[in-house]
Amino acid sequence: MNLNIEVNDQGLTQSVKLAGEIDAYTAPKLKEALLPLVKKANVTVIVDLEHVNYMDSTGLGVFISALKAAKEYESELKLVSLQDRVHRLFEITGLENIINIDSTVRGGK
Amino acid sequence: MEPFQFNLENYRKVLERYINTEDESSLYQAEQFSKLSMQNNILPEEIINIHIQALKDLYPELPKEIDASLNFLLETMISYGLAYQQFQTLRQKQGELESEISIAANMQQTLLSTYKPKIEGLDIGAVSVPANIMNGDYYHFVTDQNNNLGIAVADVIGKGIPAALAMSMIKYSLDSFPKTQRNPSIILENLNRVVERNVDTSMFITMFYGLFDAESSKLQYASAGHEPGFYYCAKSDEFFEITTKGMVLGVTSDSTYEQYEIEMDQEDIVILLTDGVTECRVGDQFIESDEVLKVIREYMHLPAQEAVERVYRHFEKLQDFQLRDDFTLIFLKK
Amino acid sequence: MSTTQTCVHIKKEWDIVGARQMGREKAKELGFGTVDQARIATAISELARNIYLYAETGKIYYEVVSDLNRVGLKIIASDNGPGISDISKMMEDGFSTSGGLGAGLPGVKRLMDDFDIDSEENNGTTITAIKWVRK
């Protein structure tokens with residue numbers, strides 16, 4: 001399975017659209033794309049997960065790294081449009097309490 | 001004499017026959033010659049050299065241009081020969097690495113091995129199967145003199161060697177806590193600090209920790225972001241998800257863990273698992289938790305160990321015997 | 001036992017060709033077969049290329065050597081470049097800093113019969129390789 005990463009550079013706002021699956025095979029690619037973005041002060045990185053239909057714990061690991069980097073570099077990380085299955089993972093692991101997740105917009109069906 | 005000189009004669013004969021008749025059997029012999037050369041570590045440039053020699057024997061008047069062009073080919077093949085030798089060395093190295101990993105896996109099994117205790121009035125079943133050689137799942141039982149049972153089920157994110165190494169750390173921290181201190185929420189708080197201090201930022205561990213009091217049949221438990229298990233209530237013949245709150249281990253240093261309690265009645269079952277069970281996939285389809293429970297229900301009347309093994313075999317077969325993730329399932333049956 | 005030394009300076013890429021050619025001529029004179037001539041030329045090519053890429057300038061020496069019952073061609077590649085800090089790493093297959101498909105030093109070792117490196121960080125490198133004439 002594949003993960004498609006589309007970065008839209010709008011200066012202080014970087015929007016990242018993901019499509020596909022985040023697992024042990026695609027997570028390194030996501031990490032490589034995401035980390036440099038959050039390592040800039042005052043930037044807001046919005047990750048759109050509407051088209052991510054599967055994510056395993058390796059994917060969570062990437063978001064935790066990104067979150068830690070964001071804290072260190074004083075940028076902001078925000079996840080939007082999570083599908084239920086993906087959202088559940090953030091819920092179970094308690095990560096929804098420390099990652100900014102906009103769950104008013106739910107992705108997928 | 002060089003070993004390929006011996007072959008030159010044969011090569012020339014076969015080449016001559018082929019030039020005259022263009023028959024398939026000569027080509028078959030060429031194939032044999034090529035395989036034999038590989039067995040004897042004969043490099044491509046040497047084969048070309050044999051060809052040149054044979055050709056010169058057969059046609060002493062070989063045009064100068066052809067001779068030069070064959071030399072050109074020989075020079076070109078030198079680097080291919082080197083690449084081939086390099087490939088051989090790397091292949092041998094790969095074999096060595098594989099055997100080293102399998103030794104490490106054996107060692108992990110010994111390090112992390114846990115015994116399944118016998119507790120009066122509790123039937124315990126447990127399976128844990130790695131998707132690859134090394135297991136990133138872990139379960140551990142401890143008992144104290146009052147016959148209380150401590151149960152840890154954990155899952156390290158990621159698979160393979162890094163996960164296995166992290167797991168050994170968890171096991172030894174667990175062992176280092178005093179035997180009298182088996183309070184689930186405090187154990188998780190302590191472990192969280194250990195993991196937070198020691199592990200790479202993108203690595204984390206989920207864990208369920210339970211303490212079963214044999215006297216009162218109460219199970220106290222807390223969870224660090226672990227995949228929720230199930231509680232089967234025999235009286236109402238229903239499954240309940242064991243919902244808990246708690247951050248995964250290793251993300252923030254000051255996480256606290258809420259503690260819960262279940263009182264188990266006769267025939268009740270506590271089912272603990274890792275996401276290798278619930279995230280089980282068949283092709284592109286996920287297995288819904290209803291289906292997991294359906295399978296569990298089918299086997300849960302059996303003795304606990306037999307039941308977990310049958311459930312495992314069911315999912316193993318469903319996934320064509322290729323686990324995508326480490327699979328751990330534990331039954332605690334009253 | 002007489003030792004006559006010839007030397008080619010490596011300053012620009014074109015000198016690699018000169019170094020190869022000199023090696024091939026010496027090899028031919030000594031009676032090496034076509035395959036070995038090609039191997040010696042390739043080994044020299046690799047050594048000269050390393051000088052050109054990493055040390056910028058250096059020299060390739062050619063020497064006819066003999067012991068009791070055989071003769072050979074000794075190639076010495078010498079430079080005052082940055083040196084090699086970890087020789088074992090450099091001699092590992094699959095480790096190549098040039099990022100290209102170069103055979104690297106393990107390749108040179110395979111192409112020749114004897115091989116030796118002397119190097120210190122910041123103090124240049126001397127590589128010695130010998131090919132013996134097959135009897």
Q: Could you check how many residues of segment B:315-324 are surrounded by 14 or more Cβ atoms within 10 Å (Cβ to Cβ) and modelled with pLDDT of 75 or more?
A: 4
Q. What is the number of the single condition among (1) part of a helix (DSSP H, G or I); (2) surrounded by 14 or more Cβ atoms within 10 Å (Cβ to Cβ); (3) modelled with pLDDT under 90; (4) more than 14 Å from every other protein chain (Cβ to nearest Cβ) that B:Glu100 does not meet?
A. (2)
Q.
Among the residues that make up segment B:93-102, is at least one of them touching a residue at least 24 places away in the same chain (Cβ under 8 Å), more than 20 Å from B:Glu309 (Cα to Cα) and not acidic (Asp, Glu)?
A. yes
Q: Output the residue which, of all residues in segment B:254-305 that are modelled with pLDDT of 85 or more, in contact with a helix residue (DSSP H, G or I) (Cβ under 8 Å, 6 or more places away or on another chain) and within 12 Å of chain A (Cβ to nearest Cβ), is surrounded by the most Cβ atoms within 10 Å (Cβ to Cβ).
A: B:Tyr257
Q: Kindly provide the set of residues from segment B:164-182 that are farther than 22 Å from B:Ala131 by Cα and surrounded by 18 or more Cβ atoms within 10 Å (Cβ to Cβ), ordered by number.
A: B:Leu174, B:Arg182
Q) Just one of B:Arg182, B:Arg197, B:Arg193 is touching a strand residue (DSSP E or B) at 6+ places or on another chain (Cβ under 8 Å) and basic (Lys, Arg); which is it? A) B:Arg182
Q) What do you reckon, is A:Pro36 surrounded by fewer than 21 Cβ atoms within 10 Å (Cβ to Cβ) and within 12 Å of another protein chain (Cβ to nearest Cβ)? A) no
Q) Which of the following residues is part of a helix (DSSP H, G or I) and closer than 30 Å to A:Leu67 by Cα: B:Val308, B:Val295, B:Val277? A) B:Val277
Q: Identify the residue in segment B:29-84 that is in contact (Cβ under 8 Å) with a residue 40 or more places away in the chain and among the charged types (D, E, K, R) and, among all such residues, is farthest from the other protein chains (Cβ to nearest Cβ).
A: B:Asp57
(Q) Suppose we filter segment B:108-123 for residues that are part of a loop (DSSP other than H, G, I, E, B) and either of a type outside the set (D, E, K, R) or exposed (fewer than 12 other Cβ atoms within 10 Å of the Cβ) (or both); how many remain? (A) 7
Q: Determine which member of the set C:Ile44, C:Ile16, C:Ile76 is farther than 24 Å from B:Ile48 by Cβ and crowded, with 18+ Cβ neighbours inside 10 Å.
A: C:Ile76
Q) Do you know which of the residues in segment B:62-83 that are more than 49 Å from the chain's Cα centre (by Cα) and of a type in the set (Asp, Glu) is nearest to C:Thr42 (Cα to Cα)? A) B:Asp67
Q: Search segment C:118-135 for residues being in a strand (DSSP E or B) and aliphatic (A, V, I, L, M), and hand back the single one that is nearest to the other protein chains (Cβ to nearest Cβ).
A: C:Ala129
Q.
Can you tell me which of (1) free of Cβ contacts under 8 Å to residues at least 60 places away in the same chain; (2) surrounded by fewer than 21 Cβ atoms within 10 Å (Cβ to Cβ); (3) touching a strand residue (DSSP E or B) at 6+ places or on another chain (Cβ under 9 Å) is the one B:Ser217 doesn't meet?
A. (1)
Q: Starting from residues that are within 14 Å of chain B (Cβ to nearest Cβ) and small (Gly, Ala, Ser), keep the ones in segment C:29-63 and report whichever is farthest from C:Ile127 (Cα to Cα).
A: C:Gly33
Q. Can you tell me which residues in segment C:1-45 are in contact with a strand residue (DSSP E or B) (Cβ under 6 Å, 6 or more places away or on another chain), farther than 16 Å from C:Ile130 by Cβ and not in a helix (DSSP H, G or I)?
A. C:Cys7, C:Val8, C:His9, C:Ile10
Q: Could you tell me whether A:Ala41 is under 18 Å from A:Lys68 (Cβ atoms), among the small types (Gly, Ala, Ser) and surrounded by fewer than 15 Cβ atoms within 10 Å (Cβ to Cβ)?
A: yes
Q: Among the residues of segment A:1-13, write down those that are under 26 Å from A:Arg88 (Cβ atoms) and part of a strand (DSSP E or B).
A: A:Leu3, A:Asn4, A:Ile5, A:Glu6
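The values are calculated or read from the model by the stated rules, or taken from the named source; none is laboratory data. On a predicted model such as this, the values are computed, not experimentally measured, just so you know. No Cβ is skipped: glycine too gets one built from the backbone with ideal geometry, and neighbour counts run over all protein chains shown.
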